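We did not get these values from a lab; they are worked out from the coordinates using the rules stated. None of these values were measured; they are calculated from a predicted model. Ideal geometry is used to build each Cβ from the backbone, glycine not excepted, and the neighbour counts take in all protein chains shown.
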Amino acid sequence: MSSTTNRVSREEIKVILRAADELIAQGGRTLFAKILKGSKEKKVRELELDRCPAYGYFKSEKLEAVMQKIDWMVDYDFLDIEYSGKLPLIIYTDRGWLIESDQLTDELIEEWKEWIDKGKKEPDMIYLKDRNRQMILLMLEKIKESGDQAFIPYLKLWYEVEYIKMKAEIQKTIGALERKEPVDELAVQERKARITKALEGSAPQDLLIKCWSCGERFTFTVGEQQFYKQKGFALPKRCKDCRY
Ligand SMILES: [Zn+2]
């Protein structure tokens with residue numbers, strides 16, 4: 001499997017993570033590979049997965065090659081597989097979500113800039129409600145850092161549709177823009193450094209596990225880990241001698 005797969009580039013990691021956002025907890029690696037490949041299959045169209053910005057990014061590659069990239073992403077701790085009954089679903093690891101929430105917030109802010117350029121007056125802000133809270137807070141942080149007061153009217157529209165807790169956060173952002181609060185450059189640099197580090201991934205390693213029965217440590221190899229992950233098994237608690 002992935003031991004033969006080349007390292008996936010940073011650009012590709014980001015694209016794959018972006019595509020995962022459309023699919024999270026809805027499907028497994030085959031459907032996921034089809035989005036990236038740009039499949040015209042009915043299921044892809046029904047779930048509107050063809051509207052994802054990463055749709056068809058790997059259209060010139062074979063489906064099998066795209067699946068290998070996804071496996072690599074799982075091996076290197078960007079994505080994980082979670083079982084819902086017998087159904088394997090793709091989910092983010094903390095590392096994967098850190099990168100995805102960073103690029104997703106950039107994308108959302110870019111969209112606002114386009115709206116401002118086009119003079120869009122009253123966009124419906126309901127689409128930002130009930131999104132991942134940590135992602136929304138990051139978006140507000142970046143809006144604040146932009147120092148761009150042109151965002152204020154949209155923030156006010158957004159404020160109208162939000163819950164009380166988020167209203168307070170939006171209000172803080174509006175206040176910071178109005179007062180032209182200085183940007184915490186150090187925090188910005190630290191965040192960028194965290195993303196760069198996260199993009200390196202974590203190469204799979206053999207694990208040493210202490211056996212529950214005999215107390216000896218045994219090696220749980222990368223290959224075994226991959227097999228267990230695909231089957232949705234938990235880590236073994238006993239060494240091979242004690243297991244049978
Ligand atoms: Zn044992």
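Here is how the numbers come out for the structure above:
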read-out: Relative contact order computed over segment 1-99 (Cα-Cα under 8 Å; 6+ residues apart), in percent; value: 35
read-out: Computed over segment 97-198, Kirkwood Rh from alpha-carbon pairs, angstrom; value: 14.2
read-out: Over segment 97-198, relative contact order from alpha-carbon pairs under 8 Å, at least 6 apart, %; value: 33
read-out: The chain, relative contact order in percent, only Cα pairs under 8 angstrom and at least six apart counted; value: 17
read-out: log10 of Debye I(q)/I(0), alpha-carbon scatterers only, for the chain at 0.18 Å⁻¹; value: -1.33
read-out: Partners for residue 172 among lysines (Cα-Cα distance below 28 Å; same-chain residues under 8 apart left out); value: 113, 118, 120, 121, 129, 142, 144, 156, 180, 192
read-out: Aspartates and glutamates whose Cα lies under 13 Å from that of residue 240, excluding same-chain neighbours fewer than 8 positions away; value: 216, 224
read-out: Spin-label zone in segment 47-83 - amide nitrogen under 18 Å from a point set 7 Å from the Cα of residue 231 along the C-beta vector; value: 81-83
read-out: Fluctuation leader among 188, 66, 15 - the chain, Gaussian network, Cα springs under 10 angstrom; value: 188
read-out: Residue with peak Gaussian network fluctuation, the chain [Cα springs, cutoff 10 Å], from 18, 179, 95; value: 179
read-out: No Cys partner within the rule (Cβ under 4.7 Å), the chain; value: 52, 214, 242
